[in-house]
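For reference, the structure is listed below as structure tokens.
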Amino acid sequence: MSWFGILSEKPWLPEAQGTAAQWGRTAYTPAVKISLRFLLGIISVFFMLFFVTFISRSQYDDFLALAGEPWQPFTHSWRLWINSGVLVLASVAMQNAVYALRRDQSLRLLCSLAAGALLAMLFIILQISVWQFLQAMGYGVAANPANSYFYILTGLHALHLLGGLVALGRVVNSLRRDGDLQNRHAAIEACALYWHYLLGLWLVLFFMLTRTPETYALIAAACGLG
Amino acid sequence: MTHIAIADQTAHLHHPKTFIGKYIWSQDHKVIAIQYSVTAIFVGLIALLLSVLMRLQLGFPGQFNFITPDAYLQFVTMHGMIMVIYLLTALLLGGFGNYLIPLMVGTRDMVFPYLNMLSYWFYLVSVIVLMSSFFVTGGPTGAGWTLYPPQSILAGTPGAGSGIVLMLLSLAIFIVAFTMGGLNYVTTIFQARTRGMTLMRMPLTIWGILTATILGLLAFPALLVSAIMMLFDATLGTSFFMPAIVSLGEPLNHEGGSPILFQHLFWFFGHPEVYIVALPAFGMVSDVLSVHARKNIFGYRMMVWAIVIIGGLSFIVWAHHMYVSGMNPYFGFFFATTTLIIAVPTAIKVYNWVLTLWKGNIHLTVPMLFAIGFIFTFTHGGLSGLFLGNVVVDLPLSDTFFVVAHFHMVMGVSPIMVLFAALYHWFPLVSGKQLHTGLGKLHFWGTFLGTYAIYLPMHYLGFLGVPRRYYALGDTSFIPESAHVLNEDITIAAIIVALFQLVFVANVIWTLRSGPRSVRNPWGVASLEWHTPDVPPVHGNWGDALPTVHRWAYDYSVPGAKQDFIPQHVAEEDVEYEAGGRRSGEGE
């Protein structure tokens, strides 16, 4: 039933004969999936607010974009492309785990989950190496607001990935305890969805953080923040 | 396997056996609710004490040596933040949300009990971090509860070192705790309701909690974003909010940041926060009024729509807190318009509460007294909000005591009235004992009349132009002597109201220690929470089988029915009617 339909119900009327028998037949969506959808909504709002402040801040005179001129660190962003590739592989591994789960292949499942986790950890390590690269170039966290945003946004993305690793660790741990694949469907699918989401989020961050001042001006104008 | 929260069988329910498992690291929503409530009330009492201290300074300036200008600002700041976040939000959603959601929608527990437990412990850590700021060098922040930069992190503002950092950390931890709890509430309500509990059969308490939780989940990220960015500004020297500035004669390393950006972020959270507090209160007061008037709630559907519409609108009114920040006049016009529009669904709710009482069989019990008191205080607070929502009226009244009086009436006193209505109403369910009625009535009249004695004159002070947050007014020419006398009176009233809260504390302690056991369902309530096999409900709530719901929660004084309420789980064929009295089911 649509939301309008639900909100138009007249609950004060007596229950129609035979209605009670139908209760309990509705399909049950696992709670973990519902809550993950809400969580992804919350994380989206969280990063969206950062983006709004970022675009707004990018229009101040002191903001020096990280790309555009040859000497700027992300005019050639091959480091970030490598990191992106690693995260794509992590996401593929997690999707592979979902396929293995559907085919009841426990060894393939465990290998895929391990690959997904290890690649996510590798991504975080590579992100830290990008931070070191920036530091070495003199692009410290307080040197310019563009740098501040880069550190803060990539750091928060990595924190979310770490949170995902903790959740995945708990799922794998419970699998090791009872080996019950059937009851872990929702949890593993949720982990995979979370990985895909963080990949998508990273690609948006990658795009946002490595544009030229002209592109920021265009986005700001489009958002009414120019 | 069916999820444990909605399983009919209790075989998979792991009952804790040790004291620690039952009462400390408990995953039972009822124990967690009590943990939340006790912690929130404890910090609330601290905030109450802080308000008395600040009132002492305002009423009798210079009489108390220990209230220095810095200490005064710290009292104001901590009082505000504790009351709004750590008491009201935590008690309404963490306390009542946790206790009532599973019982009112008919589940055995929240869908993620472990996460629920973590939510409380994160909340406790946030409280400890906040309280620890009283003991660090420089003390807690004195930046005002809005924490506006640049002053909040600059030398010269009390607590600009460790105090503000601890405040921001504490808020961040609180938001993590709220998110864990909030995800649980929303998922439990959407996903784990018992058979027959359609969304439109849920009590309004649950609608209020659900909408407020969704608001919180979407609004708290704005506070988190601003807290993280300000933490970076304060500790790492970034310039998100900090402009180029000279402090104490020295130019600082900041450049180009926007303090206004912080204000937008803060109020994008701050205004929905008003409704995060108000909507659960709206829901609970609706249920209390209906039960104690022995009448179904007037306009249930309209009440649900109003809650949802208020929730939606609350995200597009935030800048009415910023009229004096120098915004574009068209912006002000837009936000004034949305602010006035939000008054429409709110007014609908007030009318419906009054119409619920109309020709009801009103029982002037203690919960009912507090609920009726709420209608008064909320209407008064709401009406002064209409003044402040208009730009031209707001500009001269901004930062005066009129604003303080307004928001205390609408989101201080009003939710507190509902909280007390709810505490007196649900206390027999939680403890199995009923609070003493005489002490309860004494508590009500002292609080109700006392708060009016505080806040009505405060509106007048605002009209005179008396500014808020000032340590002392001194010999200000436009403030007459009568204003100082009024300030003394307000302080005395505030002390009396604070003392009356001790009556409540004494009542709770006395009742728990030696009060008589309450009868089962003493108010004759139709909603599910009063119909568990055991009262107070035990772990798992529902014994061998979950209830099946056959009606809404407001079947009171049904024409022809023998009993003056019909519980939600009673089927139509099981209702006893007088001869020829069965209701037809026709019409609305």
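Where a number appears in this text, it was derived from the coordinates with a stated rule and is not lab data. Predicted, not measured: the structure shown is a model, and the values here were computed from it. Positions of Cβ are generated from backbone atoms using ideal geometry, with glycine treated the same way; all protein chains shown enter the neighbour counts.
Side notes on the structure shown:
- Straight-distance candidates among the lysines for linking to A:LYS10, with alpha-carbon spacing under 29 Å and chain neighbours fewer than 8 residues away dropped: B:LYS295, B:LYS349, B:LYS359, B:LYS562.
- Each of A:CYS223, A:CYS111 was scored by other Cβ atoms within 10 Å of its Cβ. Arranged with the fewest first, they read A:CYS223, A:CYS111.
- In chain B, the calculated helix contribution to ellipticity at 222 nm averages -19500 deg cm²/dmol per residue, counting -39,500 (n - 2.57) for every DSSP H run with n ≥ 4.
- Residue-averaged 222 nm ellipticity for chain A, from DSSP H runs of 4+ at -39500 (n - 2.57), nearest 500: -24500 deg cm²/dmol
- Cβ-to-Cβ counts within 10 Å put B:ARG193, B:ARG520 in ascending order as B:ARG520, B:ARG193, the fewest first.
- Taking a ≥ b ≥ c as the square roots of the eigenvalues of the alpha-carbon gyration tensor, chain B is classed prolate because a/c is 1.5 or more and a/b outweighs b/c.
- Near B:ILE362, once Lys and Arg are set to +1 and Asp and Glu to -1 for all other residues with Cβ below 14 Å from its Cβ, the sum equals +2.
- Additional length obtainable on full extension of the chain from A:TYR99 to A:LYS33, 0.36 nm per residue less Cα span: 22.0 nm
- Amide hydrogen proximity for B:TYR577: with H placed 1.01 Å from N in the peptide plane, the residues at 5 or more positions away or on another chain lying under 5 Å are B:LYS562.
- Whether the range A:25-158 is rounded, prolate or oblate, judged on the alpha carbon gyration tensor where a/c under 1.5 counts as rounded: oblate
- Förster-model FRET efficiency, 41 Å R0, A:MET121 and B:ILE316, C-beta, rounded to 0.05: 0.50
- For the protein assembly as shown: rounded, prolate or oblate by the Cα gyration tensor [a/c cutoff 1.5]: oblate
- A simple packing score, the average count of other Cβ atoms within 10 Å per residue, orders the peptides B:153-161, B:223-231, B:563-571 as B:223-231, B:563-571, B:153-161, with the highest score first.
- In degrees, nearest ten, helix B:300-313 long axis to first principal axis of chain B (Cα): 30
- The range B:376-410 and the range B:134-208: distance between their alpha carbon centers, rounded to Å: 24
- Within straight-line reach of B:LYS17, meaning a Cα separation under 20 Å, sit the following lysines at least 8 residues removed in sequence or on another chain: B:LYS30.
- The range B:10-84: trypsin sites (Lys or Arg not before Pro) in DSSP loop, at most 14 other beta carbons within 10 Å: B:LYS17
- Environment charge of B:TRP426, counting only residues whose C-beta is closer than 15 Å and scoring Lys/Arg +1, Asp/Glu -1: +1
- Formal net charge of residues neighbouring B:GLN191 (Cβ-Cβ distance under 15 Å; K, R +1; D, E -1): +4
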